[in-house]
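Written out below as C-alpha cells is the structure these notes cover.
The values are calculated or read from the model by the stated rules, or taken from the named source; none is laboratory data. Owing to the predicted nature of the structure, the values given are computational and were not obtained by experimental measurement. Here Cβ is always computed from backbone atoms with ideal geometry, including for glycine, and neighbour counts include all displayed protein chains. When the accessible area is computed, the model is the full protein with side chains, heavy atoms only, and any ligands, DNA or RNA have been set aside. Shrake-Rupley method; radii C 1.70, N 1.55, O 1.52, S 1.80 Å.
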Amino acid sequence: MNESKPQSMSSFWMPFTNNRDFKAHPRLLVSAEGMYYKDVDGNAILDGTAGLWCVPCGHAQPKIVAAVSEMVGQLDFAPTFQMGHPAAFDLAEQLMEYTDHKFGHVFYTNSGSEAVDTALKIALAYHKARGEGGRTRLIGRERGYHGVGFGGLSVGGIGPNRKNFGPLLPGVDHLPHTHNLLKNAFSRGEPDFGVELADELERIVALHDPSTIAAVIIEPVSGSTGVLVPPKGYLKRLREITSKHGILLIFDEVITGFGRLTTPFAADYFDVEPDMITTAKGITNGTVPMGAVFSKQFIHDAFMDAPPGIELAHGYTYSGHPLACAAGLATLEVFKEQGVLENAKAIQPYWEDAVHSLRGLPHVIDIRTIGLVAGIELEPIAGKPGARAFAAFKKAFADGILIRVTGDIIALSPPLVLEKKHIDELFGKLADVLRNLD
C-alpha cells in the first residue's frame, strides 16, 4: 500500500467529514498493528476507538489476516442467491453458538445500516405472513442512531442526520431519549433515574393502537449520539411492554455486539432477550465489511410456512461474501483462543477508574461508563456547538491518541485487547488535552 501522501485528495468525497477542513489539515493513516495506527509521517497513534467501534481484537490479527488471504486465493466471490458456499453456513452456525443458541437464524448484510433496514423489513413481512399486515408502524427513539439507510434514518433520532432528506418513511414514532444530565451525571454503569421513560411506549401504543405497530428498535447503549447508558430496569420494561402487545423488539447491537460491554452482546449484559439483533463492525474485526441480523426461531418459521418459493424477497449481492465469512470465522476463533472477553472483564474496573479520573478537569460536565466504552461530555462553547470537542479531537491526534467526538462529547471504545499501559497512555494524554483546551 502507498504510505506516502497522495498527490491529490480532491476526488474522494469523504463520509461524515468536514471535507474542506480535513483536506486543509489531513490526518492520514497508513498502517496498523495491535493497539496502534501509524500515520503518514511515521507517528504512532494509540487507537482509543477500535477504529470506528469495530476492531475488538486489535489490528492486524495474524489469524484473521491469514484467513482472509487464503480465502481470496481460493474463492474470491460466490453468490448466495439460490446457491451458497460452505463458509457462510459454517459462520452462521458458529454465530448462533456465540449467542448461546438464544437465536435461531442469521441473515447476512454488508453493514450495520443494511442490517437495520433488513431487520425492519423482516419485522413488517413477519406480521404480514401471520395475517397481521396492518402492523406497519415502527418505533425508534430520540438520539438513536441506526445507520444511514432510509429505514434507519426514519427510526433514528439524530436531527442533523435526518434534516436534509425529506419526510423519510411514514408511520414512524419515537420514544424519548433517557439522557438526564441533572440526575445521572458521572454515573458508573446503569444510572438510577429514568426507568419510567420506558412507559412512554404505552402512551405511543395507546395513541396508535397496538394492532398497527410492527416493531420497536433501540440501541441498548446509544453509541454514536455520545454513549447514553439505559437506566436500571429500562430495557426489561420495554421488553415487558412489547411482549404484552405482540410487538417485535429489535436491539441494534452494531456497536455493543462482540464484547463491547464485556459480554458477547448487550442482551447478555442486561439479561434482556430481544426478538432480533442487528450487528456488524466487530463481526469481522473490521477487516471486511459485513453485517447480520440474528432472528428468533419463530420469526424464521413464519416465513417457512408460506407456499413453496422464495420466502423473503430481500438480500444483497455481497450477502455472506466469502472473504467476510472467512474473517468472521477467524474473529470468533481469536475471541476464544486469546480470551478477548476475559481480558475485557478483567481490565474493565481499571478502565472505569481511569475514565472517571478526568472528573474535575476543565469543561468536563459529565462522564458515563459501561463495559469498555465511555462518554466524556464537555461544556459547549457558547454559540459554537461541537467546536470544543472537535478541537480536542484534533489536539489528541496530534498528541498520538485517536478519540471520537460527537457534538461536544468524547466517545472512547478501545480494542478489547488493551492493557493497563495503554489505558495509562490514553488517559494521561487525554488529561493533558483537556487541561489545555480553550
Test set (1) crowded, with 23+ Cβ neighbours inside 10 Å; (2) out of contact with any Asp or Glu (no Cβ under 8 Å at 6 or more places or on another chain) - Val116 fails condition number: (2)
Number of the condition not met by Gly282 [criteria: (1) open to solvent by 40 Å² or more (accessible area, probe 1.4 Å); (2) in contact (Cβ under 8 Å) with a residue 60 or more places away in the chain; (3) not in a loop (DSSP other than H, G, I, E, B)]: (1)
Residue satisfying all of: in the stretch 101-113; part of a loop (DSSP other than H, G, I, E, B) and in contact (Cβ under 8 Å) with a residue 60 or more places away in the chain; surrounded by the most Cβ atoms within 10 Å (Cβ to Cβ) among these: Phe103
Options Ile381, Ile376, Ile401; residue that is in contact with a strand residue (DSSP E or B) (Cβ under 8 Å, 6 or more places away or on another chain) and farther than 30 Å from Glu337 by Cβ: Ile376
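Can you pull out every residue in the stretch 10-27 that is assigned to a loop (DSSP other than H, G, I, E, B) and surrounded by 14 or more Cβ atoms within 10 Å (Cβ to Cβ)?
Residue satisfying the conditions is Arg27 alone.
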Residue identified as out of contact with any helix residue (DSSP H, G or I) (no Cβ under 9 Å at 6 or more places or on another chain), part of a helix (DSSP H, G or I) and assigned by TED's automatic domain parsing to the domain that holds Arg260 among Gly84, Gly73, Gly131: Gly73
Selected residue [closer than 23 Å to Leu52 by Cα and touching a residue at least 40 places away in the same chain (Cβ under 8 Å)] from Thr136, Thr118, Thr212: Thr118
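Tell me, yes or no, whether the stretch 336-347 has at least one residue that is at pLDDT 95 or above, assigned to a strand (DSSP E or B) and open to solvent by less than 10 Å² (accessible area, probe 1.4 Å).
Scanning the stretch 336-347, I find no residue that is at pLDDT 95 or above, assigned to a strand (DSSP E or B) and open to solvent by less than 10 Å² (accessible area, probe 1.4 Å), so the answer is no.
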Residue match in the stretch 419-435 (condition: within 18 Å of the chain's Cα centre (by Cα), open to solvent by less than 60 Å² (accessible area, probe 1.4 Å) and touching a residue at least 12 places away in the same chain (Cβ under 8 Å)): no
Positions within the stretch 141-179 being in contact with a strand residue (DSSP E or B) (Cβ under 7 Å, 6 or more places away or on another chain), of a type outside the set (Gly, Ala, Ser), over 27 Å from Met290 (Cα atoms) and part of a loop (DSSP other than H, G, I, E, B), in sequence order: His177, Thr178, His179
Matching entry among Glu196, Glu93, Glu97 (being farther than 30 Å from Val334 by Cα and open to solvent by 40 Å² or more (accessible area, probe 1.4 Å)): Glu196
Within the stretch 41-69, considering residues that are without any contact (Cβ under 8 Å) to a residue 40 or more places away in the chain and either touching an Asp or Glu at 6+ places or on another chain (Cβ under 7 Å) or assigned to a helix (DSSP H, G or I) (or both), the one surrounded by the fewest Cβ atoms within 10 Å (Cβ to Cβ): Pro62
Flag if Ile401 is modelled with pLDDT of 95 or more and either over 23 Å from Asn18 (Cβ atoms) or surrounded by fewer than 19 Cβ atoms within 10 Å (Cβ to Cβ) (or both): no
Single unsatisfied condition, Ile277 versus (1) closer than 22 Å to Leu341 by Cα; (2) open to solvent by 10 Å² or more (accessible area, probe 1.4 Å): (2)
Gln297 being assigned by TED's automatic domain parsing to the domain that holds Phe103 and surrounded by fewer than 21 Cβ atoms within 10 Å (Cβ to Cβ): yes
Residue among Glu333, Glu352 that alone is among the acidic types (Asp, Glu) and open to solvent by less than 40 Å² (accessible area, probe 1.4 Å): Glu352
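Of these, Glu219, Glu190, which one is open to solvent by 30 Å² or more (accessible area, probe 1.4 Å), modelled with pLDDT of 95 or more, of a type outside the set (Gly, Ala, Ser) and in the same structural domain as Gly112 (by TED's automatic domain parsing)?
Residue meeting the stated conditions: Glu190.
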Qualifying residue in the stretch 45-67 (condition: over 28 Å from Trp351 (Cα atoms) and charged (D, E, K, R)): no
Meets criteria (more than 23 Å from the chain's Cα centre (by Cα), free of Cβ contacts under 8 Å to residues at least 12 places away in the same chain, over 26 Å from Glu219 (Cα atoms) and surrounded by fewer than 22 Cβ atoms within 10 Å (Cβ to Cβ)) for Gly73: yes
Residue satisfying condition, being assigned to a helix (DSSP H, G or I) and within 30 Å of Phe390 (Cβ to Cβ), within set Leu235, Leu207, Leu182: Leu182
Index of the failed condition, Leu249 passing every other in (1) touching a helix residue (DSSP H, G or I) at 6+ places or on another chain (Cβ under 8 Å); (2) buried (at least 18 other Cβ atoms within 10 Å of the Cβ); (3) within 29 Å of Ile410 (Cβ to Cβ): (3)
